[in-house]
Each structure stands twice: as C-alpha cells, then as structure tokens.
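Trainee: Dropping a structure here in structure tokens format, bear with me for questions.
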Amino acid sequence: MVDQLLRIIERIETAAATARTLSEATDWQAKSASAFHEKSTLWAGEVAGLACLAETAKLDAMHARDRAALREADAYAALFAPAGAR
C-alpha cells in the first residue's frame, strides 16, 4: 500500500510539473493561449494538492502498518509469557 502511494505521488508530481511546463511554453499573445495558461496553472495547483493528500494517505497507511505489527508482536509475546504474567 505504501509503495503504491509513493508511485502515485511521483506520478501526480510529474503531471503537475508537466502542466506547469506546458503553461510556461505557450505564447501568450492569443486569447486562447491566455485562457489555456490560466486553466493549466489552476489544474497544476489542483494536481499538486492531490500529491499532498496522497502523502497524508501514505503516512496514515504507514502508521496503520506499524500499529498492526505492534499488535501482532504483542500477541506473539503473550503466547510465551509466563502463566502468572498473562
């Protein structure tokens, strides 16, 4: 899960960078080019925001994985604890 989120974050960041590059490479003389620049800049910002959301999901997944591992370790340790310690 975490690895998949890392790949998603990389793809999102690449898409945002591509949108910014396209926006910067456009000749702003034409009215349509100005509209494209405005929309692509907004889109790049929205896509970059998705990277932040995916990063939060990645951190949540990492914490959940760690909590599950701790519970598993506690359950395993309980199996071998002395009878009076249970």
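Only the coordinates and a few stated rules stand behind these numbers; no lab work does. Owing to the predicted nature of the structure, the values given are computational and were not obtained by experimental measurement. Neighbour counts are summed over all protein chains in view; Cβ atoms, including those assigned to glycine, are modelled from backbone coordinates with ideal geometry.
Trainee: Picking from A51, A61, A57, A44, which residue would you name as being surrounded by 13 or more Cβ atoms within 10 Å (Cβ to Cβ), touching a residue at least 60 places away in the same chain (Cβ under 8 Å), under 25 Å from the mean Cα position of the chain (by Cα) and assigned to a helix (DSSP H, G or I)?
Mentor: Just one listed residue meets the conditions, A61.
Trainee: Scanning segment 7-22 for residues that are of a type outside the set (A, V, I, L, M) and within 16 Å of T56 (Cα to Cα), which turns out surrounded by the fewest Cβ atoms within 10 Å (Cβ to Cβ)?
Mentor: It comes out as R7.
Trainee: Test of understanding: among A33, A19, which residue is in contact with an Asp or Glu (Cβ under 8 Å, 6 or more places away or on another chain) and in a helix (DSSP H, G or I)?
Mentor: A33
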